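Report on one structure; see the data block that follows.
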Amino acid sequence: MPGPLGERLAPLTDAGLERLLSGRVGVPDVTDRDAWDGVPEPLRERVLADAARELKRPAPLLSAHAWARAFRDGNRGAYEDAAWGLQERVSLLTLAAVLTGECADATDPAPGACPHLDAVVDGLMAFAEASTWCWAAHDRFTAGRGEVVPDPDDPYLDLGAAEVTALFAWADHALGPHLDRRAPGLRRRLRREVERRALGPFERRADWPWIGREKRANNWNPWVHGAVLAAALLLCEDRARRARLVRRVADGLDHYLRVLPDDGGIDEGISYWWAGACRLLEILDLLAQAAGPALDVRELPLLAELLKYPRRMHLGADRYVNVGDAPARLDTPQPWQVAHRWGLRLGQRDTVAHALAGALQQDCAAPPRAGLGRALTALADPVWCRAVTGPPPEPVWPERETWLPRLQILVAREAAGSTDGLTVAVKAGHNGEHHNHLDVGSYWLAVHGRPLLVDVGRPTYTTRTFGPDRYAAWPFRSRWHNVPDPGAEQLPGADHGARGVRAELGPDVSRLSMELSGAYPPGTLARWDRTVLLVRGATPYVEVEDAWQGCSGEVALHHVLAGHVELDDGRATVTAPDGTGALLCWDARVAEARVVCRELDDPQLTRSWGGRLTRLTLAVRDPGSQGRLRIRWLVAAAPLNKPGAAHSIGNR
């Protein structure tokens with residue numbers, strides 16, 4: 001059964017689709033000086049200053065040794081960081097060459113005549129000469145041979161290959177006329193490499209795992225399909241083949257659209273919204289530009305909900321509710337112009353304001369790290385350029401509460417339109433989600449937009465991250481999430497999840513209730529009911545009530561805290577470096593506090609939390625086979641700092 005895109009294409013003959021595909025992409029090439037000279041000066045100056053610094057640095061080296069490390073010691077970053085660095089370098093210098101119109105007469109043989117363009121050519125050729133564009137951890141063909149050296153004749157189409165494919169397509173489109181004069185033959189080489197490594201493999205194989213035909217499509221689907229589409233539209237000169245490629249891309253994208261929940265939630269987390277859902281929106285823009293109304297599906301109700309996800313998960317500044325592998329802080333600059341453009345299109349004023357605030361927060365309106373096509377699209381959009389160089393937006397977007405029933409995530413704030421005061425997020429769900437952590441029943445707490453009760457997020461990826469040893473890493477385990485511990489940790493798999501999930505929303509109270517015994521090994525307990533609620537009023541608070549039955553061992557509640565922690569009898573104060581604080585209260589007669597400090601040295605984690613996290617565990621003194629414990633969170637202006645405080649942990 002065809003999806004939305006397939007339905008649009010079904011009535012079109014191949015010849016009809018050929019005629020529709022005009023080649024429009026909304027981004028002019030370097031010769032359109034009216035467009036590029038019209039980019040506002042602050043944006044132009046930022047690109048050119050960054051490019052000047054980049055030209056003084058050596059280009060990242062793509063080495064066989066670094067690629068092989070994924071197989072030898074599990075280190076993925078040694079090669080992937082270099083590949084990302086080279087992609088970012090070429091993208092940045094392409095932007096500079098486009099903005100300056102450098103080398104309109106590119107026949108000058110002087111070595112320094114075209115510095116940006118020459119460096120772009122060098123970078124593109126470095127990728128063209130590389131044996132593979134695939135990241136080693138993804139290359140099933142090499143792994144299957146038991147080798148550590150890629151085979152150029154057996155390319156694997158993955159995210160790395162998609163990134164370079166898109167880079168080649170957009171660089172060729174933007175700089176083509178100048179490349180023809182400065183480096184004759186290069187454009188033919190770009191097409192050859194894209195054909196060999198991307199378009200050919202895409203056409204020859206219909207069962208790429210990332211297509212997700214078995215209802216398991218994730219961010220890989222739009223990520224790879226978007227690159228293939230760009231190459232088809234910008235590099236493929238055979239019009240009949242271009243039409244076939246577009247039809248195949250549309251068919252593949254429908255698999256992704258089928259698995260997206262109608263509440264607009266992304267179970268992979270906020271950073272994967274940018275990698276998946278955002279790329280879907282970009283693809284739909286490209287299709288509509290290239291083919292007109294026949295392929296315009298922008299009225300789909302799902303898209304309006306999908307667009308709201310980032311602002312619904314927003315806590316404050318660059319911090320978000322981070323389910324799955326998503327970091328608590330956005331770890332790379334993102335193409336906020338996509339959310340801005342779609343927010344305007346769909347009349348979402350809050351999304352527009354959030355997108356502008358996000359771009360200002362990251363201090364880059366067209367980040368080359370996010371991809372050359374995205375950066376070119378941003379700079380070529382006069383509406384976006386005017387917006388990001390105008391007055392900052394009012395922070396009006398936070399909704400009072402958001403309930404995503406398919407993901408079973410509740411986010412509740414003291415008041416709409418503000419991150420001030422308490423914000424609580426609660427997750428039910430199951431342990432078979434994409435990029436899953438063992439976190440059924442976990443919750444987050446932020447004060448004035450600052451998360452204090454937190455989800456650790458993911459450490460740096462290695463080859464073990466997505467293998468059978470995934471849950472051996474401590475950040476993925478339930479004992480490092482804010483969940484109950486009935487003497488055993490949670491189990492992975494979609495059959496281990498919450499039951500009887502019920503959300504209650506209202507002006508005075510937001511509440512999520514669930515039963516959690518199914519997340520734990522069979523026989524561990526008969527029942528565990530958890531209710532998390534935010535009570536608004538003169539003195540707002542968050543309350544968590546846990547009630548258990550049939551437990552035969554220890555009973556404990558884990559709390560992962562970011563900040564300085566002080567303990568007193570039946571209460572703990574956690575304070576962020578900026579002085580933001582929360583007070584946790586419990587009945588000391590029922591449970592005692594145990595504290596473990598975790599020093600952090602992984603850069604993925606230190607960026608969100610600094611050098612340390614603290615796990616405060618409330619161990620029930622006499623759990624019995626059944627019992628109940630209620631705790632309460634309030635805003636604390638400052639740590640206790642009183643004589644006789646039992647314990648003081650953490651760095652200010």
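The values are calculated or read from the model by the stated rules, or taken from the named source; none is laboratory data. If you're wondering where the values come from, they're calculated on a predicted model, not measured in any experiment. Every residue, glycine among them, receives a Cβ derived from its backbone with ideal geometry; neighbour counts consider all protein chains shown. Ligands, DNA and RNA are excluded from the accessible area calculation, which covers all protein heavy atoms including side chains. Shrake-Rupley method; radii C 1.70, N 1.55, O 1.52, S 1.80 Å.
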Find the centroid of the Cα atoms in the range 289-303 and in the range 453-510, then give the distance between the two in whole Å.
37
So, in Å, what gap is there between the alpha-carbon centers of the range 314-392 and the range 21-60?
18
Of the options TRP480, HIS430, LEU303, report the single residue whose Cα projects farthest towards the positive end of the charge dipole of the chain (beta-carbon charges: Lys, Arg +1; Asp, Glu -1).
HIS430
Once every DSSP H run of n ≥ 4 in the chain is given -39500 (n - 2.57) and the sum is divided by its residues, what mean residue ellipticity at 222 nm do you get, rounded to the nearest 500 deg cm²/dmol?
-11000 deg cm²/dmol
Over the range 382-459, what percent of the accessible surface lies on carbon and sulfur atoms, probe 1.4 Å?
53
Would you give the gap between the C-alpha center of the range 110-127 and the C-alpha center of the range 176-242, rounded to a whole Å?
23
Quick one: ranking ASP601, ASP122 by accessible area, 1.4 Å probe, largest first, what do you get?
ASP601, ASP122
Magnitude of the Cβ-charge dipole (Lys and Arg +1, Asp and Glu -1) of the chain about the Cα centre, nearest 20 debye, reported as 420
Round to a whole number: what % of the accessible area of the range 287-379 belongs to carbon and sulfur, probe 1.4 Å?
53
Excluding same-chain residues fewer than 8 positions from LYS215, which aspartates and glutamates have a Cα within less than 12 Å of its Cα?
ASP254
What accessible area per residue comes out for the chain, rounded to a whole number of Å², with a 1.4 Å probe?
38
Whole-Hz ³J(HN,Hα) for each residue in the range 138-144, computed from phi via Karplus 6.51 cos²θ - 1.76 cosθ + 1.60 with θ = phi - 60°, x for glycine and proline: what do you get?
9, 7, 5, 5, 5, 4, x
Compare GLU394, GLU545 by solvent-accessible area with a 1.4 Å probe and give them largest first, with all protein chains kept in place.
GLU394, GLU545
Helix 115-129 versus the longest principal axis of the chain: what is the Cα-based angle in degrees, 0 to 90, to the nearest 10?
80
Taking Cα atoms only, helix 220-235 is inclined relative to the longest principal axis of the chain by an angle, in degrees rounded to 10, of 20
Note the angle between two axes, namely the Cα long axis of helix 301-312 and the longest principal axis of the Cα atoms of the chain, as a number of degrees from 0 to 90, rounded to the nearest 10.
60
Note on the range 389-483: contact order normalised by length, alpha-carbon pairs under 8 Å, 6 or more apart, percent, works out to 20
I need to check one value: relative contact order of the chain, counting alpha carbon pairs closer than 8 Å and at least 6 residues apart, in percent.
11
